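The values are calculated or read from the model by the stated rules, or taken from the named source; none is laboratory data. Only a predicted model underlies this, so the values are computations on that prediction, with no experimental measurement involved. Ideal geometry is used to build each Cβ from the backbone, glycine not excepted, and the neighbour counts take in all protein chains shown. When the accessible area is computed, the model is the full protein with side chains, heavy atoms only, and any ligands, DNA or RNA have been set aside. Shrake-Rupley method; radii C 1.70, N 1.55, O 1.52, S 1.80 Å.
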Amino acid sequence: QSGNLVFGADLSDTLSVDTNGDLAVLSPEDTLQQGILNRTQTKQGDYPLMPDFGVPELLGSEIPDDLISSFYMKDLENILAQDNRIASVNALSLVRTGNGVDIIGQITAINNKNLNINS
C-alpha cells in the first residue's frame with residue numbers, strides 16, 4: 001500500500017452515518033489520529049487480551065509529579081513507537097488537568113506527514 005492507504009480505515013468511536021446511509025468511515029489521517037487517542041487514553045490492563053495496550057496508571061499514586069512526567073514521557077514514546085504507522089515522535093509534552101493529563105505533541109507518519117497530537 002502507498003500514500004494514505006498505509007494508515008488503514010476505521011469506524012469512528014462515535015458511530016455516524018454517511019450520506020449513503022452506511023456507517024461513516026474515517027479518513028486515513030483521522031484513522032491514525034483515532035488510533036493514537038485510543039492508545040494514549042486507555043489504561044494498561046483495560047483490554048484483557050492485550051494487557052500491554054495503553055498507558056500505565058500512575059496518576060493518583062504517591063509518586064511525585066516530576067517523576068510521573070518522566071515515566072509518562074518515556075512510556076508514551078515507547079507506546080507510540082509500537083504503531084507501525086508512526087515513523088518518529090518529534091515532540092511530546094504533558095499538561096496536568098485536574099485528575100488527568102493531556103498529551104500534546106507531534107509525530108511524523110510513515111508517509112513523512114507531520115501530525116499533531118492533542119488528547
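The figures follow:
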{"item": "Nearest-0.05 FRET efficiency for M50 and D102, computed from C-beta distance (R0 25 Å)", "result": "0.60"}
{"item": "Cα lying deepest toward the dipole's positive end in the chain, options F7, S27, S88, charges on Cβ", "result": "S88"}
{"item": "Candidates D18, D75, D30, ranked by Gaussian network fluctuation over the chain, Cα under 10 Å, top entry", "result": "D18"}
{"item": "Heavy-atom accessible area ranking, 1.4 Å probe, most first, across F7, F53", "result": "F53, F7"}
{"item": "Of all accessible heavy-atom area on the chain, the percent that carbon and sulfur account for (1.4 Å)", "result": "50"}
{"item": "Fluctuation leader among L94, L32, L76 - the chain, Gaussian network, Cα springs under 10 angstrom", "result": "L94"}
{"item": "Interchain or long-range residues, amide H under 5 Å from N90's placed H", "result": "Q106, I107, T108"}
{"item": "MRE, 222 nm, helices only [DSSP H, n ≥ 4, -39500 (n - 2.57), over the chain, to nearest 500]", "result": "-8500 deg cm²/dmol"}
{"item": "Accessible area of M50 in the full protein assembly, 1.4 Å probe (Å², nearest 10)", "result": "100"}
{"item": "Pairwise Cα inverse-distance average, inverted: Kirkwood Rh of the chain (Å)", "result": "15.6"}
{"item": "E77 accessible area, 1.4 Å probe, all protein chains in place, Å² to nearest 10", "result": "80"}
